[in-house]
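One structure below.
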Amino acid sequence: MKLFDALGAVLVPPVCAACGRLCAREAQLCGLCHRRLGEARPLRGAGPPGVDRSWSSAPHDGVARELVVALKFRRLPAVAGAMADRMHRLLPPALAGGEIVPVPTAPLRSLARGFDPAAEIAAALADRSGAPLRGGCLRRLGAGRQVGRRRAERLGRPPRIEAGGPAPRSVLLVDDVLTTGATVSACASALRGAGATRVVAITFARRL
């Protein structure tokens, strides 16, 4: 096995998910991108409607943006672990607690990718934090996309979300990026209708 790993490292050398430079096989970022991401400051504030608080580990810019692109559009699910590492390390204790619920992706997009980005991050975060994971708690109806839509369109026509059953009383709602908040608001509404009394949205990045 070690021989095959060594041959793989030579034939397909590991590269940074953000910039494409060579990096250690177990890492997702090269040293330079790791430092640049470390310089990004988390963003914390009042949540969108229905969300008690929102928190993001970095602005949606630079290395953070490239990691989101790598996960969602280059289809590199291993990047979710690096995102969850940062989120777990920096999340304020006051916002922790509760069960982790991923923001659902439209089923057809998950099928096309082969995975659900938010679910990958949520699973990795649950593994690191020890918090319970409630996958499948929410369902997204229809195939409409938020990506590429203007702010007014996102807010005016939020995605349709429904709960798949009773919701946890305290929820950590997890997604990759917070943009207008329309999607997490729709999720929060469904969760509260199913019994949640506290909903905190935590994302890897936030678009300013």
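Residues to consider are Gly135, Gly148; find the one that is in the same structural domain as Leu71 (by TED's automatic domain parsing), part of a loop (DSSP other than H, G, I, E, B), modelled with pLDDT of 70 or more and closer than 26 Å to Pro42 by Cα.
Within the list Gly135, Gly148, the selection yields Gly135.
Do we have any residue at all in the stretch 32-53 that's part of a strand (DSSP E or B), modelled with pLDDT of 95 or more and touching a Gly at 6+ places or on another chain (Cβ under 7 Å)?
Yes, the stretch 32-53 contains at least one residue that is part of a strand (DSSP E or B), modelled with pLDDT of 95 or more and touching a Gly at 6+ places or on another chain (Cβ under 7 Å).
Please go through (1) modelled with pLDDT of 95 or more; (2) assigned by TED's automatic domain parsing to the domain that holds Gly181 for Leu76 and return the number of the only condition it doesn't satisfy.
(1)
Could you list, in sequence order, all residues of the stretch 109-133 that are more than 18 Å from Ala186 (Cβ to Cβ) and among the aliphatic types (A, V, I, L, M)? Reasoning before the result, please.
Kept after step one, since they are more than 18 Å from Ala186 (Cβ to Cβ), are these residues of the stretch 109-133: 111-115, 120-121, 123-133.
If the condition is that a residue be more than 18 Å from Ala186 (Cβ to Cβ) and among the aliphatic types (A, V, I, L, M), then Leu111, Ala112, Ile121, Ala123, Ala124, Leu125, Ala126, Ala131, Leu133 are the ones that fit.
Out of all the residues in the stretch 180-208, which are small (Gly, Ala, Ser) and in a helix (DSSP H, G or I)? Break it down stepwise before answering.
Keep residues of the stretch 180-208 that are small (Gly, Ala, Ser), which gives 181-182, 185-186, 188-190, 193-196, 201, 205.
Correct list: Ala182, Ser185, Ala186, Ala188, Ser189, Ala190, Gly193.
Looking only at the stretch 10-23, which residues are surrounded by 12 or more Cβ atoms within 10 Å (Cβ to Cβ) and either modelled with pLDDT of 95 or more or of a type outside the set (Val, Ile, Thr) (or both)? Explain how you work it out, then say what you get.
Let us first name the residues in the stretch 10-23 that are surrounded by 12 or more Cβ atoms within 10 Å (Cβ to Cβ), namely 14-19, 21, 23.
Across the stretch 10-23, the qualifying residues are Pro14, Cys16, Ala17, Ala18, Cys19, Arg21, Cys23.
Of (1) without any contact (Cβ under 8 Å) to a residue 24 or more places away in the chain; (2) within 20 Å of Ala196 (Cα to Cα), Ala122 satisfies all except one. Which?
It fails just one condition, (1).
The values are calculated or read from the model by the stated rules, or taken from the named source; none is laboratory data. Everything numeric in this text was worked out from a predicted model, so none of it was measured. In this analysis, Cβ positions are derived from the backbone assuming ideal geometry, glycine residues included, and neighbour counts consider all displayed protein chains.
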